[in-house]
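Structure record follows, encoded as structure tokens.
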Amino acid sequence: MIEINTVTKRYGANTVVDAVTMTIAPQTITVIVGTSGSGKTTLLRMINRLVEPSEGTIRIDGEDILAIPGYQLRRRIGYAIQGHGLFPHRTVAQNIATVPELLGWDRARIDAKVAELLTLFQLDPAAFGNRFPHELSGGQQQRVGVARALAAEPNVLLMDEPFGALDPIIRAKAQDDLLAIQKHFGTTIILVTHDMDEAFHLADKVAVMDKGRLLQYDAPAELVLRPATPFVETLIGAADRPLRLLSIAKAAEVVEPGAAEGEPLSATDSLRDALSALMWSGRETLPVAGEDGTILGHVSLQALLQRAARPQ
Amino acid sequence: MRFRPDKLGVVIAALALCGVLLAPFSLFRANRIVPGEAKSLLDSLPAWAGLLLLAAVIAASLVALARSPAVVRLAVAAVCLVALLLGIGLAALHLTPPENSYARVSPASGFWLLCFAFALLAADAITRLKPKPLARILFLAAALLVIAFVLLSGSWDELSLLKEYANRAETFWLEAGRHVMLALGSLLAAVVAGLPLGILCHRTPALRGAVLNSLNIVQTIPSIALFGILIAPLGWIALNVPGAAAIGIRGIGMAPAFVALFLYSLLPVVANTVVGLGGVPRDVNEAARGLGMTDSQRLWRVEFPLALPVILTGVRIVLVQNIGLATIAALIGGGGFGVFVFQGIGQTAMDLVLLGAAPTVLLAFVAAIVLDALIDMNAKASNRKTTA
């Protein structure tokens, strides 16, 4: 659990983060969104003390972070940034081993961890371990950057626009990988982005910031249904509201009993994807299959339209 | 099919033909300071050797003109250079009358032109072969072995240069030692002082401007003037600081030369350290901090390795510059190869000037090649940050 209590950061007369208070539940993904200069990155960097707060306290699992030397705190918290920041003079394996080496793990444990992470990120340790970062594609570099951040098994992972430099196809894949990784390790992830689609795709809770202030901190659906300020409403995009609602629910949630014709949807597909498939196929209903391929029932256009409508 | 000559080959062939046909190969003098008598290639050598060398030069020019493979060009250039080195020694033997220890035979413009032409051919061939850094050092070692062999075999013993050397064999090595000591010692001192200063300048921008500007001003002071400026303060230190005179600090001699070279060396070392550290990508530094490196861990594990190729380039500049500049130290009694250069100028004995100049050039050349190879090896190891 991360408790941020009335944290303020000032540079001279300029208040960058203004009395932000929020509590982040363990093993969840919190996405901080906002425009450029909203203070979202500064807030993130205060959690691992890359920036020292001017006022307020931050506690991780009850411990005040100011009680721990900054560099020791940062070794316990994963950190991944846009453009990955890999060390160009060290191999992929050496890059991933950075924090374990700083912590003084023994060689065998480090090697095992590096191999485990590379495999987890679908990079063959034998083929990629000894390559240098510039020999990898952008998507591979980004995966190594996240693997490096996770090497010392941190409970908390901070990510500053980690997918900002990727093209849309690789980005979608990286986001799905991140969700899988989060499930695998149970890491508490705090991610900064200005991409609202990304926020809705990943977040358990979204924090909206503007001019240093936290405007709203809620589940994605709440943001759409009950925006706290006109700014939040604008940021989400009034025209996108029904689609946003569909994008955060899964097909499994609206399955009705009964058979249907056509290519089955997966139970884990978002309702937005389901709507898209229905419209494209020109059908009123499509079957839904579980992970093992058995047909669970069907989704209907009608049910989707109801889910997307403004609650009365 | 029309014959299309190699462009550089045209230049090389022209140089070589000028060297053979128009310029004298050697210079014969009755003693070491009278004006000499120029001798052409064929006059300088016994007939068989003259014709052989002439044939070799013409053959090599043809190889240079044709678009021949680089390996062939290198081999031909190497053979010609060795033939030239042996040839000039043979010319000295051939031209010096028996039992005459006053006569002097020295290389003339034709010899130097030919050497230049084939050195160019060799250098161009080596560039085309794109050798790895280690291979370049091996080429250098081979060239040095050939020179050592020629010198030790005694085939040059009748040459004016070696006669001057024979008269001064002991001082030659003494001055050689001083020269290397001045050039390398001041470089070492500049690295020891300049690296921390560069790191400090990188960390505190306020200091950067002041330090770099001061060092720039030092760099603009002419070397002789700087030696002069240093006489007074070092003389004062020698008189007033106990023990200073005992370790060799005096107004003239090695101390001011060392200090001046040290001051000249500081700018390239400090400036390249600052530039090298400044060139470390921002996100790499940010990641290093974010992963929990302390400032010194970040410096030694990330910033310094990435800046090293640039810092080494500064060291290379300093070393080559110092080897040349150290010659001037002789003016204020600092020793080094400059002793022979200035003595030679004083006596209008060009052979003596050459005895000082040739090793200086050779030393600078060797230093440049070795350091370039080191820089390349290092850049390869750090995998060029620009591509990341």
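Out of the residues in segment A:127-160 meeting the condition of being part of a loop (DSSP other than H, G, I, E, B), within 11 Å of another protein chain (Cβ to nearest Cβ) and not hydrophobic (A, V, I, L, M, F, W, C), tell me which one is nearest to the chain's Cα centre (by Cα). Ranking the qualifying residues of segment A:127-160, first place goes to A:P154. Among the candidates B:S160, B:S214, the residue that is buried (at least 17 other Cβ atoms within 10 Å of the Cβ) and polar (S, T, N, Q) is uniquely B:S160. The set of residues in segment A:87-126 being buried (at least 16 other Cβ atoms within 10 Å of the Cβ), within 14 Å of chain B (Cβ to nearest Cβ), of a type outside the set (F, W, Y) and not in a helix (DSSP H, G or I) consists of A:P88, A:H89, A:R90, A:T91, A:A97. Being in contact with an Asp or Glu (Cβ under 8 Å, 6 or more places away or on another chain), modelled with pLDDT of 90 or more and under 20 Å from B:F258 (Cβ atoms) is a property that B:F337 has.
In this entry, B:V341 is excluded by the filter for residues that are in a helix (DSSP H, G or I), under 19 Å from B:A368 (Cα atoms), away from chain A (no Cβ under 14 Å) and within 23 Å of the chain's Cα centre (by Cα). Residues that are over 24 Å from the mean Cα position of the chain (by Cα) and closer than 27 Å to A:T41 by Cα: does segment A:105-121 have at least one? No, that holds for no residue. The single condition from (1) away from every other protein chain (no Cβ under 14 Å); (2) assigned to a helix (DSSP H, G or I) that A:L73 fails is (1). Name the single residue, out of those in segment A:76-86 being in a loop (DSSP other than H, G, I, E, B) and in contact with an Asp or Glu (Cβ under 8 Å, 6 or more places away or on another chain), that is nearest to the other protein chains (Cβ to nearest Cβ). Once the filter is applied, the top-ranked residue is A:G85.
Residues in segment B:166-187 that are crowded, with 19+ Cβ neighbours inside 10 Å and either within 30 Å of B:N100 (Cβ to Cβ) or free of Cβ contacts under 8 Å to residues at least 60 places away in the same chain (or both): B:F172, B:E175. For first residues located in segment A:23-43 and outside the structural domain of A:I181 (by TED's automatic domain parsing), partners that are in a strand (DSSP E or B) and surrounded by 21 or more Cβ atoms within 10 Å (Cβ to Cβ) and lie 6+ apart or on another chain with Cβ distances below 8 Å do not occur. For segment B:108-126, the count of residues that are exposed (fewer than 14 other Cβ atoms within 10 Å of the Cβ), in the same structural domain as B:I12 (by TED's automatic domain parsing), more than 22 Å from the chain's Cα centre (by Cα) and closer than 21 Å to B:W48 by Cβ is zero. Criterion applied to B:V320, B:V310, B:V274, B:V269 was being modelled with pLDDT of 90 or more, within 30 Å of B:D157 (Cα to Cα), assigned to a helix (DSSP H, G or I) and not assigned by TED's automatic domain parsing to the domain that holds B:R32, and the one residue passing it is B:V320.
Candidates in segment A:51-70 are the residues that are buried (at least 18 other Cβ atoms within 10 Å of the Cβ) and either in a strand (DSSP E or B) or among the charged types (D, E, K, R) (or both); of these, the one that is farthest from the other protein chains (Cβ to nearest Cβ) is A:I58. Looking at B:V274, B:V280, B:V191, just one residue is in contact with a Gly (Cβ under 7 Å, 6 or more places away or on another chain), in contact (Cβ under 8 Å) with a residue 12 or more places away in the chain, within 22 Å of B:I311 (Cα to Cα) and crowded, with 16+ Cβ neighbours inside 10 Å, and that residue is B:V274. Of the residues making up segment A:157-212, those that are of a type in the set (A, V, I, L, M, F, W, C) and within 16 Å of A:L235 (Cα to Cα) number 9.
Within the bounds of segment A:163-175, is there any residue that is within 30 Å of A:Q72 (Cβ to Cβ) and in a helix (DSSP H, G or I)? Yes; the residues of segment A:163-175 include at least one that is within 30 Å of A:Q72 (Cβ to Cβ) and in a helix (DSSP H, G or I). Residue count for segment A:31-44, restricted to those that are surrounded by 22 or more Cβ atoms within 10 Å (Cβ to Cβ), on the phi < 0 side of the Ramachandran plot and not hydrophobic (A, V, I, L, M, F, W, C): 3. Report yes if B:N240 is free of Cβ contacts under 8 Å to residues at least 24 places away in the same chain, of a type in the set (S, T, N, Q), in the same structural domain as B:A183 (by TED's automatic domain parsing) and exposed (fewer than 12 other Cβ atoms within 10 Å of the Cβ), otherwise no. Answer is yes for this residue. Scanning segment B:143-156 for residues that are surrounded by fewer than 19 Cβ atoms within 10 Å (Cβ to Cβ) and either in contact with a Ser or Thr (Cβ under 7 Å, 6 or more places away or on another chain) or touching a residue at least 24 places away in the same chain (Cβ under 8 Å) (or both) gives B:L144, B:V146, B:I147, B:V150. If we scan segment B:291-299, do we find a residue that is within 14 Å of chain A (Cβ to nearest Cβ), among the charged types (D, E, K, R) and either in contact with a helix residue (DSSP H, G or I) (Cβ under 6 Å, 6 or more places away or on another chain) or without any contact (Cβ under 8 Å) to a residue 60 or more places away in the chain (or both)? For segment B:291-299, residues within 14 Å of chain A (Cβ to nearest Cβ), among the charged types (D, E, K, R) and either in contact with a helix residue (DSSP H, G or I) (Cβ under 6 Å, 6 or more places away or on another chain) or without any contact (Cβ under 8 Å) to a residue 60 or more places away in the chain (or both): present.
Screening B:V302 against (1) without any contact (Cβ under 8 Å) to a residue 24 or more places away in the chain; (2) of a type in the set (V, I, T); (3) within 30 Å of B:L174 (Cα to Cα); (4) surrounded by 20 or more Cβ atoms within 10 Å (Cβ to Cβ) leaves a single unmet condition, (3).
Could you tell me whether B:L41 is surrounded by fewer than 20 Cβ atoms within 10 Å (Cβ to Cβ) and over 27 Å from the mean Cα position of the chain (by Cα)? So B:L41 fails the test.
For segment A:23-65, filtering for residues that are of a type in the set (S, T, Y) and over 21 Å from A:A219 (Cα atoms) leaves 4. B:D283 meets the conditions (1) more than 7 Å from every other protein chain (Cβ to nearest Cβ); (2) assigned to a helix (DSSP H, G or I) in every case but one. The failed one is (1).
The values are calculated or read from the model by the stated rules, or taken from the named source; none is laboratory data. These figures come from a predicted structure and were not determined experimentally. All Cβ positions, glycine included, derive from the backbone under ideal geometry; neighbour counts span all protein chains shown.
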